[in-house]
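Report on one structure; see the data block that follows.
The values are calculated or read from the model by the stated rules, or taken from the named source; none is laboratory data. On a predicted model such as this, the values are computed, not experimentally measured, just so you know. Cβ placement follows ideal geometry from the backbone for every residue including glycine, while neighbour counts extend to all protein chains displayed. Only protein heavy atoms, including side chains, enter the accessible area calculation; ligands, DNA and RNA are left aside. Shrake-Rupley method; radii C 1.70, N 1.55, O 1.52, S 1.80 Å.
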Amino acid sequence: MPYVVTETCIKCKLTDCVEVCPVDCFYEGANMLVIHPDECIDCGVCEPECPIEAIKPDTEGDAAEKWLEMNRQYSEMWPNITRKKDPPADSDDWREVPDKFEKHFDPGPGSGT
Ligand code: SF4
Ligand code: F3S
């Protein structure tokens with residue numbers, strides 16, 4: 001039962017979460033992060049670190065399975081990120097925007113750390 005990053009992260013990308021993960025299992029895309037579900041040890045430490053509640057246990061809600069598969073797929077393509085970096089300049093503007101995965105997801109990789 002790993003934790004997953006949901007679409008709330010898209011274009012906000014605050015990266016507070018990466019600093020606390022004991023197994024460094026966050027991966028960076030161009031505009032969001034994901035968790036590798038096979039590496040996550042389900043410690044739950046990252047969940048309260050995200051100021052906008054983008055991280056959820058994969059048992060929560062009907063959409064959990066979707067995010068689990070999405071996190072698995074992209075964590076195998078994107079670079080590992082272990083250090084906090086500055087969020088996008090317009091990060092705050094995207095906090096309440098709905099349907100970000102459908103409209104704003106960028107499948108390209110981030111730069112990692
Ligand atoms: Fe890392 Fe723990 Fe969060 Fe899993 S639950 S991503 S191991 S901090
Ligand atoms: Fe995203 Fe929250 Fe981490 S916005 S990068 S899941 S701290």
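Residue count for region 86-102, restricted to those that are within 14 Å of the chain's Cα centre (by Cα) and open to solvent by 100 Å² or more (accessible area, probe 1.4 Å): 0.
Would you say V20 is within 23 Å of H104 (Cα to Cα) and either surrounded by 14 or more Cβ atoms within 10 Å (Cβ to Cβ) or within 15 Å of ligand 2 (Cβ to nearest atom) (or both)? For V20, the condition - within 23 Å of H104 (Cα to Cα) and either surrounded by 14 or more Cβ atoms within 10 Å (Cβ to Cβ) or within 15 Å of ligand 2 (Cβ to nearest atom) (or both) - is not met. Selection of region 41-85 for residues being open to solvent by 60 Å² or more (accessible area, probe 1.4 Å) and in contact (Cβ under 8 Å) with a residue 60 or more places away in the chain yields R83, K84.
In this structure, K13 does not satisfy being touching a helix residue (DSSP H, G or I) at 6+ places or on another chain (Cβ under 6 Å) and part of a loop (DSSP other than H, G, I, E, B). Evaluate the following for D106: is it within 16 Å of T15 (Cα to Cα), acidic (D, E) and more than 13 Å from ligand 1 (Cβ to nearest atom)? Against the criterion (within 16 Å of T15 (Cα to Cα), acidic (D, E) and more than 13 Å from ligand 1 (Cβ to nearest atom)), D106 does not qualify.
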